[in-house]
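**Q** Okay, here's the structure, questions in a sec.
The values are calculated or read from the model by the stated rules, or taken from the named source; none is laboratory data. Predicted model only: the values in this text are computed from it and were never measured. Here the Cβ is made from the backbone with ideal geometry for all residues, glycine too, and neighbour counts use every protein chain on show.
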């Protein structure tokens, strides 16, 4: 651990709660920003309106004969 000497300056009983608290606060701020600055997240959480999948009418493919072949 290359940052192990930090615990000679900061007591772990103070440093670890500060570190974990800052990570939690940062995560909450990021989540708040996503919720308030996007429109799709709120719609996703509300469930939105149920839409049936759009199905386009497709014709069955028709095989074409090469130009040098004749049909009886």
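**Q** Quick check on my filter: what residues within the stretch 29-55 are surrounded by fewer than 10 Cβ atoms within 10 Å (Cβ to Cβ) and at pLDDT 70 or above?
**A** Kept after step one, since they are surrounded by fewer than 10 Cβ atoms within 10 Å (Cβ to Cβ), are these residues of the stretch 29-55: 36-37, 39-40, 45-47, 49-55.
36, 37, 39, 40, 45, 46, 47, listed by residue number.
**Q** Follow-up. In the list 15, 21, which residue meets the criterion of being at pLDDT 90 or above, in a helix (DSSP H, G or I), surrounded by 10 or more Cβ atoms within 10 Å (Cβ to Cβ) and touching a helix residue (DSSP H, G or I) at 6+ places or on another chain (Cβ under 9 Å)?
**A** Values: 21 fails: touching a helix residue (DSSP H, G or I) at 6+ places or on another chain (Cβ under 9 Å).
On inspection, the qualifying residue turns out to be 15.
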